[in-house]
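Single-structure report; data block below.
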Amino acid sequence: MYEIVMPQLSDSMEEGKLVSWKVSVGQSVKSGDVIAEVESDKAIMEVQTFKDGVVKELLAKIDDEVKIGAIISRIETGVKASTEQEPSTVNLITVPKEEDTPKEEVKKVETKPNVVEKNSVLDEIFDTSSVTTIAHKTQSGISPKARAKAAAVGVDIEKIQAKMPQKLLHAEDVNEYVTEKYFTPKALKLLKEYQLKNSLFELNHKVDSDEVQSYIDANEIALPKALSPMQKAIIANVILSAQKPIYHIYESIDAKLFEVHHAHSMTAWLVKIFAKVMMQHESFRTQLLDNALSIASNASLSIAVADAKNLYMPVIKDANRLTISEITEQLSAFKEKLITNSFSVQDMQGGTFGISNLGMLGVACFDAMINKDESAIVAVGGISDGKISVTLTADHRLINGYEAALFMADVKKEASEPLNFKEQ
């Protein structure tokens, strides 16, 4: 049994309309015979059979909308066909609607029946071999959907076609013509910004930006805004971080030495102290990569820096080998890159531990999300009663609670050691 399906006649086509049957049940057909006409969003095209047999079933009715790939007819093969003379040539044409497309010369293409072979799974699904091919001198014409769109908005389709005589008009062309005709440039800009359809407005006058803005205000239309590449990266990073099995440890650090040595920022001193303690606890220098551990030989820390729109986590590499002045210089460079939006991919790579300091903004305490493949992050809050609030967030796959407790105990000890607050 040979099955003929609704073919895909264009990239945008999702279903086709059966215009007519050229055969009836019980009729003998030969390869190359036209069995039906189908309408896509661009034209009406003929559907052929490429096997001999007898029409067993016609599974769609005239004017039915049929999904691509759905069976529309079955032909019983192996049954002796009629002895009508076999045509030596087959006209491969697109049949446009008479009222849609200007008359054009159609080329006759020589081809032999029964030589079409199915070479892919797609051929089996869509039976594209049963569709006639286009052989026009030009591509001009009007698609059925374009004509319907023009009628719906009350414009002369012929005027649009006159502007684009060598183009097959689609509904999108009609929509663009109507928009440009009835809207001022400023109104067009608002339509695009708010992704509004022109059909929301009466198209019997020139619509200006004030009218569009009034509609936006009256209906409280939200402004859609595309995500920037950086925002997409941040979102992806946050999603990955949220999937980690984490826990928190809430602690406080003596603030006395930080306040005394204020020539350098609290963040700079914290980088120096945490880098020193990280060298004593390798789990905080570890990444989990494809079911293997990667342990860094030095302590590299990512530092949260942000503006009103974006958050960045640039890395101070080998911080355990830097002086406090060198750490301060790197933090200053990060601030400059934030202002000039000049961070590179390399700036964001290599960290295993993160620091986020919002205490300078008056935040008492908070939790931070671990960055990318890092093992932990510390959220630094404000100073209260001589103590700095810190919250450690750790990846439980890499650091257990006992290790984290020992780590924080060592941080507190080093933060109270005056020798750690020297310039070198």
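Please treat every number below as a calculation from the coordinates, not as lab data. None of these values were measured; they are calculated from a predicted model. Note that each Cβ is placed from the backbone with ideal geometry, even for glycine, and that neighbours are counted across all protein chains shown.
Which of 22/56; 30/56; 30/61; 272/422; 276/422 have a Cα-Cα distance over 18 Å?
Working: 22/56 14 Å; 30/56 14 Å; 30/61 22 Å; 272/422 11 Å; 276/422 14 Å.
Going by Cα-Cα distance, 30/61 fall outside the 18 Å limit.
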Which listed residue (218, 188, 152) has the Cα farthest towards the positive end of the charge dipole for the range 141-218, taking +1 on Lys and Arg C-beta and -1 on Asp and Glu C-beta about the Cα centre? 152
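Please arrange 49, 184 by counting, for each residue, the other beta carbons lying within 10 Å of its beta carbon, fewest first. Please list the in-between numbers first.
On the way: 49 24, 184 16.
Least crowded to most crowded, the residues run 184, 49.
May I ask you to give the average projected area over all directions of the convex hull of the Cα atoms of the range 141-218, in nm² rounded to one decimal? Could you put the intermediate results ahead of the total?
Numbers: hull surface 20.4 nm².
For the Cα atoms of the range 141-218, the hull's average projected area reads 5.1 nm².
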Separation between Cα centres of the range 258-298 and the range 320-394, rounded to whole Å: 11
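For the range 311-424, what is the Kirkwood hydrodynamic radius in Å, using each pair of distinct C-alpha atoms?
15.7
For residue 309 and residue 15, FRET efficiency with R0 = 60 Å and r from the beta-carbon atoms, rounded to 0.05?
Between residue 15 and residue 309 the formula returns 0.90.
Hand me the trypsin sites (Lys or Arg not before Pro) from the range 36-71 located in a DSSP loop with no more than 15 other Cβ atoms within 10 Å, in residue order please.
Details: sites: 42, 51, 56, 61, 67; in loops: 42, 51, 61.
The qualifying sites are 61.
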Enumerate the calculated ³J(HN,Hα) couplings along the range 259-266 in order (Karplus 6.51 cos²θ - 1.76 cosθ + 1.60, θ = phi - 60°), each rounded to whole Hz, writing x wherever the residue is Gly or Pro. 6, 5, 9, 8, 4, 10, 5, 4
Once you place label points 7 Å from the Cα toward the Cβ at residue 361 and residue 156, how far apart are they in nm? 6.1
Tell me the label-point distance for the pair residue 180, residue 345, using the 7 Å Cα-to-Cβ offset, in nm and rounded to one decimal. 3.9
Total lysine pairs under 19 Å (Cα atoms) in the range 141-218, excluding pairs fewer than 8 apart on one chain: 23
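Taking the convex hull of the Cα atoms, report for the range 201-252 its projected area averaged over all directions, in nm².
On the way: hull surface 33.0 nm².
Over all viewing directions, the range 201-252 projects a mean Cα-hull area of 8.2 nm².
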Largest first and rounded to whole Å, the semi-axes √(5λ) derived from the alpha carbon gyration tensor of the range 229-421 read 23, 20, 16
